[in-house]
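Taken together, the values in this text are just the output of simple stated rules run on the coordinates, not laboratory data. The structure displayed is predicted, hence computed values, not measured ones. Cβ: placed from backbone, ideal geometry, glycine included. Neighbour counts: every protein chain shown.
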Amino acid sequence: MGRFLALDYGKKKTGIAVTDELKLIASGLTTVPTHELFAFLTEYLRNETVDQIIVGEPKQMDNTPSEVEVLIRPFLKRLSLKFPEIPVDRQDERFTSKIAFQTMIDSGLKKKQRRNKALVDEISATLILQDYLKRKQ
């Protein structure tokens with residue numbers, strides 16, 4: 001039994017979250033520089049079983065794709081070529097960065113810690129994965 005793995009794909013950094021093997025709980029894993037993402041995924045998938053990859057789908061309020069979607073589409077193509085055995089799904093990621101930042105405030109992180117964009121990306125990936133799990137229940 002494998003995990004779900006979620007990606008909050010960004011131009012510079014990508015936040016990563018995973019579920020437990022029962023696919024009940026989403027947890028932040030890490031944030032990696034986007035140019036190192038395939039190396040990270042190759043190593044991770046060598047050691048862990050992943051049943052599905054969920055990639056955040058950035059949308060505008062009017063439901064049109066966000067600007068970063070033009071970067072995500074070539075990534076998705078490359079992802080399916082590199083790991084054809086793992087299905088990929090998308091999850092609306094509107095407001096995840098704002099919710100992640102608010103979560104950091106609510107959890108008592110100091111201002112300096114809240115400036116850590118890598119942590120915001122990791123929390124955003126976790127929120128994407130939690131939303132996906134809720135949608136699939």
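See the values below:
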| item | result |
| --- | --- |
| Restricting the range 1-107 to chymotrypsin sites (Phe, Trp or Tyr not before Pro) in coil, as DSSP defines it, with at most 13 other Cβ within 10 Å | Phe95 |
| Length-normalised contact order of the chain in % [C-alpha pairs under 8 Å, at least 6 apart] | 34 percent |
| Longest exposed-site-free window of the chain, the sites being GluC sites (Glu not before Pro) in a DSSP loop that have at most 10 other C-beta atoms within 10 Å | 1-66 |
| Rounded to 10°, Cα long-axis angle of helix 37-47 versus longest principal axis of the chain | 60 degrees |
| Filter on Lys23/Lys117; Lys112/Lys134; Lys59/Lys82 - keep pairs with C-alpha separation over 28 Å | Lys112/Lys134 |
| Size of electric dipole in the chain: Cβ of Lys, Arg +1 and of Asp, Glu -1, about Cα centre, debye, nearest 20 | 540 debye |
| Radius of gyration and Dmax over the Cα atoms of the chain, both given in Å | 14.3, 42 |
